[in-house]
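K.L.:
Please find one structure pasted underneath; my questions will follow.
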Amino acid sequence: MDWSSLGGILLALAGIVLGQALEGGKFSSLIQPAAFMIVLFGTIGAVLLQTRPAFFIQGLRLLTWVIRPPEDDRVKLARRISTWSQIARKDGILLLENHMHSEPDLFVKTALRLVIDGTPPEKIRDICNVDINRYEVAQRNAVKIWEAAGGYAPTIGILGAVLGLIHVMENLSDPSKLGSGIAIAFVATIYGVGFANLFFLPVANKLKALVQLETTRREMVIEGMVGIANGENHKIVEERLNAYLR
């Protein structure tokens, strides 16, 4: 559990609610279903228009990473690779086959299989880099839905404000309807700017950092496997891996 993300969301909401209370306003005045629907569904529609469905769905799935990010196991993984390097140098690469079958990570297992099969080091690097590039492009395209939402939401909020003002102008002769129209106008703007700056953009930045961390992890795996395939001393392999842990 990433408590900093959860705490950040709660702190942002608490700041808005407490600020509203200190100004003498009521929390209920911030609850405007019409403004919420305009901003939320308008933003989703705009994002769907520019995004492939597969990337949109993957972007929604990545949202769980904000609260439960993938484990950063680079230190443990570096130790395993160092151990494999010692085994390969001392007893032969073929003895790594048992370790390959028990390896849970598909990318690591694939790279280790290439080493066991006697694939040339540069070929291992090329094959694994293709996999990394494919992974990074797919994940970054998925993350872009949150960046796009952060860009569209404020504008949709302004659109909601204009709609609210139109409603006000249409009912100038009926004072009882002026309050709701003005409320929708201003609250829609708050929703648009608030969603963008307190949720959509922070989520996008958080996910970009996590995708970069996973990319770095995979690059570390490549360096380790190339070192094993070259028959390098495990101390040299360790030094290469440590560069990715700093």
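The values are calculated or read from the model by the stated rules, or taken from the named source; none is laboratory data. Just so it is clear, the model here is predicted, and its values are computed rather than measured. Because the Cβ atoms are built from the backbone with ideal geometry, glycine has one as well, and the counts that use them run over all protein chains shown. Calculation scope for accessible area: heavy atoms of the full protein, side chains included, ligands and nucleic acids excluded. Shrake-Rupley method; radii C 1.70, N 1.55, O 1.52, S 1.80 Å.
K.L.:
Look through the range 230-246, keep the residues that are more than 22 Å from the chain's Cα centre (by Cα) and under 18 Å from Asn129 (Cα atoms), and return whichever of them is least open to solvent (accessible area, probe 1.4 Å).
P.N.:
Leu241
K.L.:
Hey, among the residues in the range 67-125 that are among the hydroxyl-bearing types (Ser, Thr, Tyr) and part of a helix (DSSP H, G or I), which one's most open to solvent (accessible area, probe 1.4 Å)?
P.N.:
Among them, the one singled out is Ser102.
K.L.:
Let me ask something else about it. Being of a type outside the set (A, V, I, L, M, F, W, C) and without any contact (Cβ under 8 Å) to a residue 40 or more places away in the chain is the filter here; which residues of the range 147-176 pass it?
P.N.:
Selection gives Thr155, His167, Glu170, Asn171, Ser173, Asp174, Pro175, Ser176.
K.L.:
Please verify whether the range 210-229 includes one or more residues that are touching a Ser or Thr at 6+ places or on another chain (Cβ under 8 Å), surrounded by 17 or more Cβ atoms within 10 Å (Cβ to Cβ), more than 30 Å from Met37 (Cβ to Cβ) and not hydrophobic (A, V, I, L, M, F, W, C).
P.N.:
Yes, there is a match, as at least one residue in the range 210-229 is touching a Ser or Thr at 6+ places or on another chain (Cβ under 8 Å), surrounded by 17 or more Cβ atoms within 10 Å (Cβ to Cβ), more than 30 Å from Met37 (Cβ to Cβ) and not hydrophobic (A, V, I, L, M, F, W, C).
K.L.:
So how many residues does the range 16-31 have that are outside any helix (DSSP H, G or I) and within 33 Å of the chain's Cα centre (by Cα)?
P.N.:
Total satisfying the criteria: 1.
K.L.:
Please go through (1) more than 14 Å from Thr215 (Cα to Cα); (2) part of a helix (DSSP H, G or I) for Ile132 and return the number of the only condition it doesn't satisfy.
P.N.:
Of everything listed in (1) more than 14 Å from Thr215 (Cα to Cα); (2) part of a helix (DSSP H, G or I), Ile132 misses just condition (1).
K.L.:
Ok, one more. Of the residues in the range 20-35, how many are at pLDDT 85 or above and over 15 Å from Ala188 (Cα atoms)?
P.N.:
0
K.L.:
Does Ser82 meet the test of being hydroxyl-bearing (Ser, Thr, Tyr) and touching a residue at least 24 places away in the same chain (Cβ under 8 Å)?
P.N.:
yes
K.L.:
Return only the number of the condition from (1) open to solvent by less than 40 Å² (accessible area, probe 1.4 Å); (2) closer than 30 Å to Pro33 by Cβ; (3) in contact (Cβ under 8 Å) with a residue 60 or more places away in the chain; (4) not aromatic (Phe, Trp, Tyr) that Lys144 does not satisfy.
P.N.:
(1)
K.L.:
Looking at the structure I just gave you, is Leu163 modelled with pLDDT of 90 or more and either on the phi > 0 side of the Ramachandran plot or surrounded by 15 or more Cβ atoms within 10 Å (Cβ to Cβ) (or both)?
P.N.:
So Leu163 fails the test.
K.L.:
Quick one: which helices (runs of 4 or more DSSP H) sit completely within the range 135-246 and have at least 3 residues that are within 23 Å of Arg52 (Cα to Cα)?
P.N.:
So the answer is 201-229.
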